[in-house]
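Enquirer: Below is a structure I'd like to ask you about.
Taken together, the values in this text are just the output of simple stated rules run on the coordinates, not laboratory data. Only a predicted model underlies this, so the values are computations on that prediction, with no experimental measurement involved.
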Amino acid sequence: MPKPLEVTLPSDREVRVVRSFDAPRQLVWDAHTRPELVTKWMLGPPGWTMPVCEMDVRVGGAYRWRWKSQDDGKEFGFYGTFTEVNEPNKIVFEEHYDPGDVGGPITSEPAIITNEYAESKGVTTLTVSMLFASKEARDGAVGSGMTDGMELGYARLDDMFKA
Amino acid sequence: MTAAERLDLTFAALADPTRRAILARLAKGSASVQELAEPFDMSQPAISKHLKVLERAGLVSVDIDAQRRPRRLEPKPLEEAVDWIERYREIWEQNYQRLDALLAELQAKPAKRKRTRK
């Protein structure tokens, strides 16, 4: 059964997304760290494919993700390195935006993404924390990629209503 | 202006606490520049600068016929921004629903997984 997506703002530069899955933690971890599984679900909206998904899952290992639009052939992606790998509990990586030919601003400082996996009674709760170098970096990311837009959009919305 | 350019203007206009406070004030009703400047430790020209940004983004309009030229909140760009956010929320939800299906499929074949692991 699909679970609602929770979005919160622990700090000014941070966005947290929480989602539960009816599966053991190891399986949810595998689905996030094995390219042959990642490419089956992390596809974004209809009409996009994920032609590049390379992941060397170890501390200091690199990853590269790229999406391609079937409509106009345009591409964009994310890349970076893993800074902490604690299977199947926690993974931390730096994320750089690769504008490809979709465009959008390039920020020199990467975002730090932390995925934490907690299991209880066969249900795994995934917590994704995205920490941006600055408010500007977060603002830049809002106008860019396809996949991060939701969290960032909500951050903006919450900001707006806090005013 | 394209939809994307309008969104850029909207989000840029919202990326400032003073401008968000101005919008929050205008959400309660129209106000003159002087009334808007009062709660802030800011000059009227400084407030006018912020209002220009909000006007360019279409978030605020001016009633030039009225003597005090009251500013009014225009909700349409905000609605567009919310629609945009909702679209991206759907994208992630689509991703996670695909992941739900994949996890169910992987669990339906546990025997095979166990054999290959042992």
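Enquirer: Percent relative contact order of segment B:3-75, based on C-alpha pairs within less than 8 angstrom and at least six residues apart?
Expert: This gives 35 percent for segment B:3-75.
Enquirer: Further question on the same structure: How large is ³J(HN,Hα) for each residue in segment A:75-91, as worked out from phi by the Karplus curve 6.51 cos²θ - 1.76 cosθ + 1.60 (θ = phi - 60°), to whole Hz, x for Gly and Pro?
Expert: 10, 7, x, 9, 8, x, 10, 7, 10, 8, 9, 10, 5, x, 9, 7, 9
Enquirer: Still on this model: Over 22 Å between C-alpha atoms is what I'm after, so list which of A:Lys90/A:Lys121; A:Lys68/A:Lys90; A:Lys68/B:Lys109 land there.
Expert: Exceeds cut-off: A:Lys68/A:Lys90; A:Lys68/B:Lys109.
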